[in-house]
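Worksheet for the structure shown next.
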Ligand code: ASP
């Protein structure tokens, strides 16, 4: 028992058009509130992460669920994963179509033997387990992607620590606009787009999925958390990303619920709250947090 809970969400490493700034902040705060309600009631970190990400998936501001972008064939294929730091169970789906909440399908996968189901297999599993469908595959809004700030990509994620001391991490993404059919990035890959291990830490990434996968960035953050503070662990991992000429951002929690986050993309929408430390906050860049002298966690 830590006697402390904490939750951090992100709405993607990207460029945020000033017209979208408020929507990004509000979306992150709404997601934090959903996760906070679970944690305050003594709920599990995995449930808090799922609850927060469902809110982000329903918000077309973000490239996940409802706001997913289209691949080269004009279809929506989504990836999501959820990891339980207590058991190291992982549930993931990739290139899944036709579901409203990929993170909930990942949650349904959490206690299953396979860690990752893709495409038709994932969709069949979702149908068998009664996951909410979304037909057509996802309500594709005109202008998603490039219209939301130029990047045409990003991802949502969440990490949480519950009152029992358990950690969880989750990701959900609509992938890259115009990407190859069946392309899967880092988001559902453990040690790449996410990771969680009790007593050590939890991390969730957004950014250049191929570069994040090649460098196994989540595992680098987790290694950095063993003996280091979360902000430094994230910063050191991002240096490797920069060395490949790629960009991204990450949120992290250590086993004690200390928060770390950073990015080398222009913006990174982040929201967080920690028990006993005041109201939830949202930022669109690390520089904003530094400006107000707010040190997370
Ligand atoms: N990492 C995601 C992917 O490669 C995209 C992003 O976060 O920008 O699918």
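The values are calculated or read from the model by the stated rules, or taken from the named source; none is laboratory data. These numbers come from a predicted model, not from an experiment. Cβ coordinates were reconstructed from backbone atoms using ideal geometry, including for glycine residues, and neighbour counts include every protein chain displayed.
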- Is segment 136-151 home to any residue that is assigned to a loop (DSSP other than H, G, I, E, B) and at pLDDT 95 or above? no
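So, in segment 81-100, of the ones that are in contact (Cβ under 8 Å) with a residue 60 or more places away in the chain and not in a strand (DSSP E or B), which residue ends up nearest to residue 57 (Cα to Cα)?
Restricting attention to segment 81-100, the residues satisfying the condition of being in contact (Cβ under 8 Å) with a residue 60 or more places away in the chain are 81-86, 88, 90, 92-95.
After this cut, where a residue has to be not in a strand (DSSP E or B) as well, the list is 85-86, 88.
Numbers: 85: 23, 86: 25, 88: 24 Å.
Checked segment 81-100; the qualifying residue nearest to residue 57 (Cα to Cα) is 85.
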- Message: I'm checking my understanding of the structure. Among residues of segment 256-272 that are within 24 Å of residue 162 (Cβ to Cβ) and touching a strand residue (DSSP E or B) at 6+ places or on another chain (Cβ under 6 Å), which one is surrounded by the fewest Cβ atoms within 10 Å (Cβ to Cβ)?
- Response: 257
- Note on the structure: When every residue in segment 167-179 that is crowded, with 24+ Cβ neighbours inside 10 Å and in a loop (DSSP other than H, G, I, E, B) is compared, the one modelled with the highest pLDDT is 174
- Item | The listed residue being at pLDDT 95 or above and either surrounded by fewer than 23 Cβ atoms within 10 Å (Cβ to Cβ) or within 19 Å of residue 181 (Cβ to Cβ) (or both), out of 97, 129 | 129
- Message: Within segment 184-212, take every residue that is over 13 Å from the mean Cα position of the chain (by Cα) and more than 8 Å from the ligand (Cβ to nearest atom) and give me the one that is surrounded by the most Cβ atoms within 10 Å (Cβ to Cβ).
- Response: 201
- Name the residues in segment 256-267 that are touching a helix residue (DSSP H, G or I) at 6+ places or on another chain (Cβ under 8 Å) and under 14 Å from residue 222 (Cα atoms), would you? 258, 259, 260, 261
